[in-house]
Amino acid sequence: MQRNRKKEIRVKADSFREKCKISRYGILDLFKECERCGYKLLRYPLGEEADLGFTIKKDADTVIFTNSCSRLSREIFTLAHEIGHIVLHVEGAEPFIEDAVTISGRSTDVKEQEANYFAACLLMPADEVDRFLDLEFEDFQSNGLSAMDIARIMSDFSVSFEMALNRLESLGKIDDAERIRLDSERNQARVGNLLRSVGGNRRLNEASMEISIPYEYIDYVIYNYNHNAIPMETLEKVLECYNLSIEDISDRIVSHLQLEDNLDEI
């Protein structure tokens, strides 16, 4: 990626971050910030083997989906990646679908690499990383970092252990040998135990299994049911996501028999 393009992406990531509510170092709740920006956010547990997320333009709406079967830290990174596509790439109807390859950085697609870089700059901007290392650790360059220190970075920036290592290495804060050592410490101690030891956010290492679908999508589903486009079973499954039953929307339902009678009268 060219230096000028990287600078452009950093500027856009900083601009988006300025609109967000920040905790001491990291973004407080990127899911809420996404909705405040007017994006339609859907979160649903599709399964561990399913795609991690996607972004698509639908009419006037920008729709983002994240798979809440992912660990929360990965789901947050997926969301940041999707926001990157919106800010950098979404112009037409071309969808961006994410899997383990695109999110891990192994994809050779330029747009996927740019979205990953945007996500890294959004979640762990270089100046905030510098401030954290300066204020939270005693001369880390001489003393080095431990796996417990990385767990603290995880919790404060709401990122995964791997994302923290990737960002620290890309910023020149650790070298390859230090990364290997920290990764080994992580494998021995387990991330959940490390987060517990530092009083960090243990939810980052767990799947949220969140079901969050914009309420206005109910109108679309009811319309499709009333016009014989979907069966009752599909309508009921959607309503379950909102803790609603058929009885709750009975005044908006047109029975298929009634619809046929109305058509006969025309």
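Pairs linking a residue in segment 231-243 that is under 12 Å from Ile211 (Cα atoms) to a residue that is of a type in the set (Val, Ile, Thr) and open to solvent by less than 40 Å² (accessible area, probe 1.4 Å), with Cβ atoms under 6 Å and 6 or more positions apart or on different chains, are Val238/Val221. The criterion of at least 2 residues that are surrounded by fewer than 23 Cβ atoms within 10 Å (Cβ to Cβ) and in contact (Cβ under 8 Å) with a residue 60 or more places away in the chain is met by the following strands (runs of 3 or more DSSP E) wholly inside segment 28-80: 40-44. List the helices (runs of 4 or more DSSP H) inside segment 155-199, counting only whole elements, that have at least 1 residues being among the hydrophobic types (A, V, I, L, M, F, W, C), over 25 Å from the mean Cα position of the chain (by Cα) and over 29 Å from Gln113 (Cβ atoms). Fully inside segment 155-199 and qualifying: 176-189. The set of residues in segment 226-250 being more than 28 Å from the chain's Cα centre (by Cα), closer than 24 Å to Asp61 by Cβ and either acidic (Asp, Glu) or at pLDDT below 85 (or both) consists of His227, Ala229, Ile230. Quick check on segment 200-218: of everything there that is in a helix (DSSP H, G or I) and open to solvent by 80 Å² or more (accessible area, probe 1.4 Å), which residue is nearest to Phe77 (Cα to Cα)? Among residues in segment 200-218 that are in a helix (DSSP H, G or I) and open to solvent by 80 Å² or more (accessible area, probe 1.4 Å), the one nearest to Phe77 (Cα to Cα) is Arg203.
Please go through segment 102-144 and pick out each residue that is over 22 Å from Ile76 (Cβ atoms), open to solvent by less than 70 Å² (accessible area, probe 1.4 Å) and outside any helix (DSSP H, G or I). Passing the criteria: Phe137, Gly144.
The values are calculated or read from the model by the stated rules, or taken from the named source; none is laboratory data. Because the structure is predicted, anything quoted here is derived from the model rather than measured. Every residue, glycine among them, receives a Cβ derived from its backbone with ideal geometry; neighbour counts consider all protein chains shown. SASA here: full protein model, heavy atoms, side chains in, ligands and nucleic acids out. Shrake-Rupley method; radii C 1.70, N 1.55, O 1.52, S 1.80 Å.
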